[in-house]
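Q: Take a look at the following structure, please.
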Amino acid sequence: MPLTPSTPSSGSLTGIGPAWRKLRERQRQFMADILPNGWVDTSFSTPKTRQAFMEEEAKQFAANIKLMEKDIRGLKLADETFMNTCQQVLASDLPRVYDFGQDGHIHAVGDLDTIGRGCKTEDLVTVQQELSQGLEQDVLTPMKQWLFAWSTVQARLKELEGMRIEVDSRKRQVFDLRQQEDKLKKKLGEATNDHQKKTREKNLEDIWRKQQRKDAKLATATAAYQSMESEVLEELAGLIRDAVCLKSYLAACTEFQREAYQSLTHALLGTTAGVNGQVAVAQRVQAKFQITQGNEDNTPQGSSGSASNPFEKPVKLTLTPDDSPVKPTAKSYVEAASAQKANTSGHALYGDDIKLPAPESPVRSR
């Protein structure tokens, strides 16, 4: 019994015939990409140059985001491990010197004390929690949302490619039917008797009716492809426009680190975030910079003239109080990234079919 394709309610055929038609078209276009021009007929191929360029560059950007996300998560884990170790070590006892006492027995010199010596462990816990929460909520979550939207657009691009192959295969099918129609018209004129003429007229009418059906299906497939192409390319363009925000998120990541470790330094040394604390930190670090406040003299110390080495020029540093650990300055980078997307609606960026996950932070949910 011959295999016949089934006909669903939509009117399109499913089965061996349509699948074989699309497979052959896909193979033709694949061979056209690897063989020299002219070896394979590409006159029926719908161009996808704009889509291909955008998809390739977005794919490379997604790979870069994944690299940064991996490293930031490793950095976050290293921070948490380091601060947990700090808490453990600071709570440990300091070693003591033992010497002979007046009674001839060995005694410890001095009282037992911890390495932290009065350092508030809760301050270290607060710094760690705020750093982890800031990185997760304001840096990693936007990256995950972009990657989630990209995976959705990729699925739609794959579906769009299937629709493009469907359109191209139907173009070739309709062209073949028109060629058959021309051949039958030529044979009809060459008929030598009535029986032959009626047979060829019937074959010509069958081909004509089949061509009309395939023309209608081609028009429907083309309209559906063009509509989806417009939507998907709009979503892809929105993702690409969002890519400019990555630099702000990376800046926020480094700022979270700087503020957290500055707060950790104050917690360990028992200093405040005011001017006195800044002077103390500057003296301890002994940075090789000439800190000038309002002094416009740029002549290096120990130099009689202008510096010939550009690295000998003094650097002006503006020290600002860090009243709130971890949060404020890094937030400005996150707000800058959000402002770059403020003028574009969610539909224009990702489309209605893309549902972004809620920006839940593991630290905040505890």
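The values are calculated or read from the model by the stated rules, or taken from the named source; none is laboratory data. Keep in mind that what you see is a predicted model, and the values were worked out from it rather than measured. In this analysis, Cβ positions are derived from the backbone assuming ideal geometry, glycine residues included, and neighbour counts consider all displayed protein chains. Keep in mind that these areas ignore ligands, DNA and RNA; they rest on the heavy atoms of the full protein, side chains included. Shrake-Rupley method; radii C 1.70, N 1.55, O 1.52, S 1.80 Å.
Q: Given a Förster distance of 56 Å, report the FRET efficiency between GLN180 and SER92 from their Cβ-Cβ distance, rounded to the nearest 0.05.
A: Values: r = 90 Å, r/R0 = 1.61.
Between GLN180 and SER92 the formula returns 0.05.
Q: For THR220, what accessible surface area do you get with a 1.4 Å probe? Give it in Å², rounded to 10.
A: For THR220, the solvent-accessible surface is approximately 100 Å².
Q: Let me ask something else about it. Restricting things to alpha carbons, tell me how big region 133-241 is in terms of Rg and Dmax, in Å.
A: 24.9, 90
Q: Same structure, new question: Which of the residue pairs LYS158/LYS247; LYS76/LYS144; LYS48/LYS70; LYS185/LYS217; LYS171/LYS202; LYS48/LYS185 have a Cα-Cα distance greater than 27 Å in the structure shown?
A: Working: LYS158/LYS247 29 Å; LYS76/LYS144 15 Å; LYS48/LYS70 33 Å; LYS185/LYS217 24 Å; LYS171/LYS202 24 Å; LYS48/LYS185 36 Å.
Beyond 27 Å between Cα atoms: LYS158/LYS247; LYS48/LYS70; LYS48/LYS185.
Q: Any idea of PHE148's accessible area? Nearest 10 Å², probe 1.4 Å.
A: Accessible surface of PHE148 is approximately 80 Å².
Q: Positive end of the charge dipole of region 183-278 (Lys, Arg +1 and Asp, Glu -1 on Cβ, about the Cα centre): tell me which of SER230, LEU264, LEU250 has its Cα farthest that way.
A: SER230
Q: List the equivalent ellipsoid semi-axes of region 188-275 in whole Å, largest first, each obtained as the square root of 5λ for an eigenvalue λ of the Cα gyration tensor.
A: Numbers: eigenvalues 1284, 17, 13 Å².
Equivalent ellipsoid semi-axes, largest first: 80, 9, 8 Å.
Q: Mind checking the full-extension length gain between ILE240 and ASN193? Use 0.36 nm per residue of separation minus the Cα-Cα distance, one decimal, nm. Walk me through the numbers before you get to the answer.
A: Numbers: separation 47, 0.36 × 47 = 16.92 nm, distance 6.76 nm.
That pair, ILE240 and ASN193, stretches by 10.2 nm at full extension.
Q: Rounded to the nearest 10 Å², what accessible area does LYS120 show when all protein chains are kept and the probe is 1.4 Å?
A: Rounded to the nearest 10, the figure is 120 Å².
Q: In whole angstrom, and with the biggest value first, how far do the Cα coordinates of region 104-159 range along each principal axis?
A: 89, 20, 9
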